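What follows is a set of notes on a single structure, which appears directly below.
The values are calculated or read from the model by the stated rules, or taken from the named source; none is laboratory data. If you're wondering where the values come from, they're calculated on a predicted model, not measured in any experiment. Heads up, the Cβs are rebuilt from the backbone with ideal geometry, glycines too, and the neighbour counts pull from every protein chain shown.
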Amino acid sequence: MLAINETRLLERIRALGAVGVDAEGRRTRLAASDEDKAGRDLLSRWMREAGLTVVTDYIGNLFGIWTPEGCAEKEAVMTGSHIDTVINAGQFDGCYGVLAALEVVETLKASGFVPARPIAVVAFTDEEGVRYAPDMLGSLVYAGGYPLEKALATAGTDGAVLGDELRRIGYAGTVAPGFLKPCAFVEAHIEQGPILETEGVTIGAVENLQGISWQRITIEGEQNHAGTTPTAYRADAGLAAAKVMTFLRSRCELPGSCTVATTGCIAFEPNAINVIPGRAVFTVDIRNPDAAQLREEEQALAGYLAALEKSDRVRITTERLSRFDPVLFDEGIAQRIEAAAAARSLSCRRMTSGAGQDAPHGDDLCPQRARHQPQPAGADARRRLRRGRERPARCGRAARRAVSASSSARRARRTMQKTGADLPEARSRPGLFCPGGNARISGSGYAA
């Protein structure tokens, strides 16, 4: 049974993790920044040393391609993730998926394995969406879900335009997004949640991805003195915002509900201790793995806001920030993940991915699958993860399982994993999650 070079994988994770760390130990590599360039340069070097052809497309997606003789015209198996980060990030989010993919390819090459089609390792641009919106921008453009010209014209939070920044750092690319048509895509990723760690499970075979609905809600009330305005005369925007949050939690707690809802950003005006807020602006993140239930939650919120306007004498407006439907991943690949885990005596369970990933955007291109790796739970764990203490042995086990899955896939048809098989007819996307670390943690919590 093939085995990866675990030491090499972990050394690369640590080396990439050292890029973008400031004097206070905070790791930040925002898309198309100088720190992102340094990370890209390092990854490009490793790809070339592995004998891969390095290509960048016009949105900055970075590919390392292994094209065996006689396979140039065939659709590729694609695997990877991203290397941009949130602010004050962990070292595993995205980076593990890219570097594990590179390690698997190097192991297969060293074993003498010759795939029946190209294999491409990819690092997508701006997955996190911290500097440029929307998030997962590189994979979205690659899959044809967002216009290239519009993406390149996007102004970042610092005012810098994405296209200009990609040219500045030397990653504006030479080919159009979508130049390489995948027959399958698989993304290895840390879980970013407590389930695998709590249950003591090593591998998560992701069968679907939650739908995500983001809104910004603005409530206009009446600013007044905190001591001289009787309760009955108040139009308190802050109280109305709190009511929305408690309403959302009550929806999540309904029997049988799979919904999760979060208010991650909130601001009051004038934000003074002795003044009734005249304005409240906050975000709402609603997620559900069922498309109909996600719509039902959105409709329930809209109905509640309409009633709240009347009961609390406030004015409410909403702005859609982002929305993605739930994604069903390929069943055949999920079964192969389970079989590969069993062959190595690794525990495995089916999972829903609660976090947004690059994998779902390839639905119109090919089948996909994700695999999750566990992370420790709690505040202490999050601090360990930011410092890079993410249980490296688990990452090695998960990558070894990926090699096993790659080898067995040689004989498979209709699979989205690392395979040399024919193009699957299924149009769902698989993903790969494995236990081991939290990647999307920033100082204020999880990113998308």
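Taken as a whole, the structure leaves residue 29 outside the set of residues that are modelled with pLDDT of 95 or more and in a helix (DSSP H, G or I).
Which of the residues spanning region 22-40 are farther than 19 Å from residue 132 by Cα and aliphatic (A, V, I, L, M)?
Going through region 22-40, the residues farther than 19 Å from residue 132 by Cα turn out to be 22-26.
Within region 22-40, 23 is the sole residue that qualifies.
All of (1) among the hydrophobic types (A, V, I, L, M, F, W, C); (2) modelled with pLDDT under 95; (3) part of a strand (DSSP E or B) hold for residue 258 with one exception: (3). Pairs meeting the criteria (first residue in region 133-154 and on the phi > 0 side of the Ramachandran plot and acidic (Asp, Glu), second residue part of a loop (DSSP other than H, G, I, E, B) and surrounded by fewer than 24 Cβ atoms within 10 Å (Cβ to Cβ), beta carbons under 7 Å, at least 6 apart or on different chains) are lacking. Go through region 292-347 and give me each residue that's among the hydrophobic types (A, V, I, L, M, F, W, C), under 21 Å from the mean Cα position of the chain (by Cα), modelled with pLDDT under 95 and not in a loop (DSSP other than H, G, I, E, B). Hits for region 292-347 are 321, 324, 327, 328, 333, 334, 337. Summed over region 133-151, residues that are closer than 21 Å to residue 83 by Cβ, modelled with pLDDT of 95 or more and not in a helix (DSSP H, G or I) total 0. A single entry from 28, 7 fulfils the requirement of being touching a residue at least 12 places away in the same chain (Cβ under 8 Å) and either closer than 30 Å to residue 333 by Cα or among the polar types (S, T, N, Q) (or both): 28.
Checked across region 77-84, the condition of being assigned to a loop (DSSP other than H, G, I, E, B) and modelled with pLDDT of 95 or more holds for at least one residue. For region 22-47, a residue qualifies if it is more than 25 Å from residue 105 (Cβ to Cβ) and crowded, with 18+ Cβ neighbours inside 10 Å, and the qualifying residues are 27, 28, 30, 32, 33, 35. Scanning region 87-113 for residues that are part of a loop (DSSP other than H, G, I, E, B) and under 20 Å from residue 15 (Cβ atoms) turns up 88, 89, 90, 91, 92, 93, 94. Each residue in region 119-130 was checked for being surrounded by fewer than 24 Cβ atoms within 10 Å (Cβ to Cβ) and modelled with pLDDT of 95 or more, and 1 of them qualify. Screening residue 196 with (1) touching a residue at least 40 places away in the same chain (Cβ under 8 Å); (2) closer than 18 Å to residue 308 by Cβ; (3) not hydroxyl-bearing (Ser, Thr, Tyr) gives one miss only, at (2). Restricting attention to region 238-290 and to residues that are of a type outside the set (A, V, I, L, M, F, W, C), in contact (Cβ under 8 Å) with a residue 60 or more places away in the chain and touching a strand residue (DSSP E or B) at 6+ places or on another chain (Cβ under 8 Å), the residue that is farthest from residue 327 (Cα to Cα) turns out to be 279.
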